[in-house]
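Shown next, in structure tokens, is the structure this report addresses.
The values are calculated or read from the model by the stated rules, or taken from the named source; none is laboratory data. These figures come from a predicted structure and were not determined experimentally. Because the Cβ atoms are built from the backbone with ideal geometry, glycine has one as well, and the counts that use them run over all protein chains shown. These accessible areas exclude ligands, DNA and RNA; they are computed on the full protein's heavy atoms, side chains included. Shrake-Rupley method; radii C 1.70, N 1.55, O 1.52, S 1.80 Å.
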Amino acid sequence: MNRPQPPLVTPGTFSTAEQPGRPPSDAIVLFDGTPATLDKWEADKNVPEPTKWVVKDGTLQCVPGSGYIRTKEQFGDCQLHVEWAAPSKVEGNSQGRGNSGIFLMGQTEVQVLDNFNNPTYADGFAGSVYGVNPPYANALHAPGEWQVYDIIFRRPIFKDGKMLDSGHFTVLMNGVVVQEATPLEGGGGHMGRSSDHPLLDKGPLKLQDHGNPVRYRNIWYRPLPARAVDGGDMGVVPTEAATAKKLEIAKNIRNDAAKLEGRAKLLRQMESLCYEVDAATRKEAEAGIAAWVSAMQQVPAAEMPGKKREVLQMRGAVDYLIRFKFLPEGLAAQAAIDKMVKDNGWKK
Ligand code: MG
């Protein structure tokens, strides 16, 4: 309970056929149906220019022939939510029907394709990491209906030319897992396997123009905490903050101990050592344990059964601190407590 609490996030709501859901409170919204959020996008050209894709009825629609679009913002590891709909008027087949794509960091495509009663090659299916891995399942709604992708993306991490993490994709299609920690293997591509190689730390999100007027709505992401191999602790606070928190906790416990007397004080001092091995406190604790042992050894044998709980508690605490090296091994007090326990037949 002393450890930091996870940050609060107010959850969003699920989308319905008619209405996109509300993103969680800490999401960064990339498209919410308003023309204003179109300003977050541009044409994917060397010289940036406004996109020709259009906002229509609260959706972002691909204009065939106008080219890919990309976010002005760049990001890496994320939880990404995207909803898309293929044209309800069915035209073409295989890769030619309702084709678009979601390119994480502008590099690796999670395929958008109308595969509803429309076979194609496996690693080009909707929900595939294109050219890398087919989806586990085809869980698409009919064309014209909204499809929901939830993507958890981790970029590759290289240090000094060595791959520490290949990066990976987890993808849910309409709530069904279709990719599960799929390694990137360099990023994929058409008709050729790529191999692992470093990518930049971040890049724009791109949406593909593959010649079909696919529509999008409700696009948002949440950045993910850094991984351990990337200097993070995968937790709610970075390592430096965790260390600072430990020191703060140790200090608070020592302040509390200063107001106490006897065994209560000793136990609090011992507890503080779990957060910081402060030399003065450790010395006091060792002396306190030794004094407690001496006092306990003066207790008449007939009164010892009433001390069972106290002795076992002290033994547990001393053993713990020694096991995790907060106290030195070979403490005379530890042997003395063990003897007390044995002599009284509490445990072997
Ligand atoms: Mg595509």
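Scan the stretch 162-176 and give yes if some residue there is within 16 Å of the ligand (Cβ to nearest atom), in contact (Cβ under 8 Å) with a residue 60 or more places away in the chain and either open to solvent by less than 20 Å² (accessible area, probe 1.4 Å) or among the aromatic types (Phe, Trp, Tyr) (or both), otherwise no. Yes, the conditions are met somewhere in the stretch 162-176. Identify all residues within the stretch 1-57 that are among the hydroxyl-bearing types (Ser, Thr, Tyr), over 24 Å from the mean Cα position of the chain (by Cα) and closer than 21 Å to residue 102 by Cα; write none if there are none. Within the stretch 1-57, 34, 37, 51 meet the criteria. Residues in the stretch 339-348 that are assigned to a helix (DSSP H, G or I) and exposed (fewer than 11 other Cβ atoms within 10 Å of the Cβ): 343 only. A count restricted to the stretch 1-60 and to residues that are touching a helix residue (DSSP H, G or I) at 6+ places or on another chain (Cβ under 9 Å), part of a loop (DSSP other than H, G, I, E, B), open to solvent by 30 Å² or more (accessible area, probe 1.4 Å) and in the same structural domain as residue 85 (by TED's automatic domain parsing) stands at 1. When you check residue 336 against the structure, is it among the small types (Gly, Ala, Ser), assigned to a helix (DSSP H, G or I) and over 45 Å from the mean Cα position of the chain (by Cα), yes or no? When the stated conditions are applied, residue 336 passes them. Against the list (1) in a strand (DSSP E or B); (2) free of Cβ contacts under 8 Å to residues at least 40 places away in the same chain; (3) surrounded by 17 or more Cβ atoms within 10 Å (Cβ to Cβ), the condition residue 181 fails is (3).
Pairs needed: first member in the stretch 208-229, in the same structural domain as residue 95 (by TED's automatic domain parsing) and open to solvent by 30 Å² or more (accessible area, probe 1.4 Å); second member anywhere, within 14 Å of the ligand (Cβ to nearest atom) and assigned to a strand (DSSP E or B); C-beta distance under 7 Å; at least 6 residues apart or different chains. Matching pairs, first to second residue: 210/100; 210/101; 215/84.
The rows are residues; the columns are (1) over 20 Å from residue 30 (Cα atoms); (2) of a type in the set (A, V, I, L, M, F, W, C).
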site	(1), (2)
70	no, no
75	no, yes
85	no, yes
102	no, yes
121	yes, no
126	yes, yes
135	yes, no
171	no, yes
